[in-house]
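Below: the structure, in structure tokens.
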Amino acid sequence: MNAFLDPEAVRRQQTLVSALATRFRDIPWLAWDFINEPSISQHLWTTRANNDAVELQSGTNGSTSATPTVPSWLRAWNLPASSVSGTVPLPEDLDFTPRGVYVGHNSLKTYDFYLFAQDVFSQWVHDMRQTVRATGSQQLVT
């Protein structure tokens, strides 16, 4: 469902990385490059919300943010309570464009999503690095 947040997807990626790292752990001058242009969405090389169930849950439960509750999100983004029912909606594509603010879209939500995306990617790389190291590989991980 989500390559960076779905536990099953991450487990499968770790299985693949572990198999490769085990096979090539003693090769000198090999480097593991985990995406030099990170994108946690289905939109390659851009930061956008997927709006899948895993991302919605992760983005609104405060797991990577200092504002963990719906009321906190609303206060941080200066939004009325009537604008949210249930989970806090993730930014739309228009929110990420410079023109979005001119038509009433909130750049604070976009800013928080960028921070969230960076945290998600950082955690993913950490997990993949740990997977490589667990094989005994001491090769460079970037």
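No value in this document is a laboratory result; all are computed from the given coordinates. The model shown is predicted, which means the values in this text are computed figures rather than measured ones. Cβ placement follows ideal geometry from the backbone for every residue including glycine, while neighbour counts extend to all protein chains displayed.
Relative contact order, whole percent, for the range 7-141 stands at 39, derived from Cα pairs under 8 Å and 6 or more residues apart. Distances between placed amide hydrogens fall under 5 Å for Trp32 paired with Leu140, Val141, Thr142, all partners being 5 or more residues away or on another chain. Counting other Cβ atoms within 10 Å as a rough exposure proxy, the listed residues Trp73, Trp32 run Trp32, Trp73 from fewest neighbours to most. Below 12 angstrom from the Cβ of Glu55, what's the summed charge of the other residues (Lys, Arg +1; Asp, Glu -1)? Residues near Glu55 contribute -1 overall.
With the Kirkwood sum run over all distinct C-alpha pairs, the chain has a hydrodynamic radius of 16.8 Å.
Annotation: average projected area of the range 63-142 is 7.2 square nanometres, based on the convex hull of Cα atoms across all directions.
Per residue of the chain, the DSSP helices (runs of n ≥ 4 H) give a summed -39500 (n - 2.57) that works out to -14500 deg cm²/dmol at 222 nm.
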